[in-house]
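Only one structure is covered here, and it is reproduced in the block below.
The values are calculated or read from the model by the stated rules, or taken from the named source; none is laboratory data. Keep in mind it's a predicted model, so treat the numbers as computed, not measured. No Cβ is skipped: glycine too gets one built from the backbone with ideal geometry, and neighbour counts run over all protein chains shown. We work out accessible area using only protein heavy atoms, side chains counted, and drop any ligands, DNA or RNA first. Shrake-Rupley method; radii C 1.70, N 1.55, O 1.52, S 1.80 Å.
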Amino acid sequence: MKLSDFDFDLPEWLIATRPARPRSSARLLVAQGDRIADAVVRALGDWLRPGDRLVLNDTKVIPARL
C-alpha cells in the first residue's frame, strides 16, 4: 500500500466547516457491500441491526499548523 493510494480530489465546498443545523439533519454515508446510500443521522437506527457495533469518535480538532 502506498500513500498515493489515498489521494483523491475533494472540492472545498464539500468539506463541513461547522455543525449541521439542526444537528439531526447531519448527513450520513452508508456503505453496505457494493451499495452506497446517502442518509441523515436521525435515521441511523434504521440502518443498525442486532449485533452491529457502533463506534463513536469524540475527538476534537484544534486549530494548528504543523
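When L56, L66 are checked against the criterion of being modelled with pLDDT under 85, loosely packed, with under 10 Cβ neighbours inside 10 Å and either in a loop (DSSP other than H, G, I, E, B) or in contact with a Phe, Trp or Tyr (Cβ under 6 Å, 6 or more places away or on another chain) (or both), L66 stands alone in meeting it. Checking each residue in region 39-52 for being surrounded by fewer than 10 Cβ atoms within 10 Å (Cβ to Cβ) and either at positive phi or part of a strand (DSSP E or B) (or both) picks out only G51. Considering (1) under 14 Å from the mean Cα position of the chain (by Cα); (2) without any contact (Cβ under 8 Å) to a residue 12 or more places away in the chain, the lone condition that L44 does not fulfil carries the number (2).
Does I36 fit the bill of being assigned to a loop (DSSP other than H, G, I, E, B) and within 23 Å of I15 (Cα to Cα)? Talk me through it step by step, then tell me what you get.
Details: assigned to a loop (DSSP other than H, G, I, E, B): no; within 23 Å of I15 (Cα to Cα): yes.
No; evaluated as a whole, the condition is false for this residue.
For region 15-28, state whether one or more residues are free of Cβ contacts under 8 Å to residues at least 24 places away in the same chain, open to solvent by 70 Å² or more (accessible area, probe 1.4 Å) and not in a loop (DSSP other than H, G, I, E, B). Looking through region 15-28, at least one residue is free of Cβ contacts under 8 Å to residues at least 24 places away in the same chain, open to solvent by 70 Å² or more (accessible area, probe 1.4 Å) and not in a loop (DSSP other than H, G, I, E, B).
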